[in-house]
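See below for the structure under consideration.
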């Protein structure tokens, strides 16, 4: 029994230590979009960074917002967190607070100067 506890603790420690920050690159309507987290995702506050480029040039005039949500499940209500990003040092930053572990779906939306809204859909796991 003690051996099982020791192995479990070591395995859990390795998982925690090997956790990596989020770094997702995608393309949408000719734009290169990179979504990163400052650190590994955790329950609680997480800072995200979005970089938008078109033809190698950084977009600094877009409006960026994100919605992270977990669908309703038996015994658990629908959960949602939304944030508007601020443009800081050539990147868009926003904060999301995850209330629990599990799979969170997200919609990352950005509105460009031409008035078009572009949306990327994906998910993250805590």
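The values are calculated or read from the model by the stated rules, or taken from the named source; none is laboratory data. These numbers come from a predicted model, not from an experiment. Glycine gets a Cβ as well: all are built from the backbone with ideal geometry, and neighbour counts include every protein chain shown.
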- Those residues of the range 31-61 which are more than 22 Å from residue 101 (Cα to Cα), without any contact (Cβ under 8 Å) to a residue 24 or more places away in the chain and either assigned to a strand (DSSP E or B) or under 18 Å from the mean Cα position of the chain (by Cα) (or both) amount to 32, 34, 53, 57
- Members of the range 69-78 found to be modelled with pLDDT of 90 or more, part of a strand (DSSP E or B) and over 15 Å from the mean Cα position of the chain (by Cα), listed by number: none
- Restricting the first residue to the range 106-123 and requiring it to be over 13 Å from residue 28 (Cα atoms), which pairs with a second residue that is in a loop (DSSP other than H, G, I, E, B) meet a Cβ separation below 8 Å and a spacing of at least six or different chains? 113/61; 113/62
- Query: Among the residues of the range 85-99 satisfying the criterion of being assigned to a strand (DSSP E or B) and under 13 Å from the mean Cα position of the chain (by Cα), which is surrounded by the fewest Cβ atoms within 10 Å (Cβ to Cβ)?
  - Reply: 97
- Would you confirm whether any residue within the range 48-58 is modelled with pLDDT of 95 or more and surrounded by fewer than 12 Cβ atoms within 10 Å (Cβ to Cβ)? no
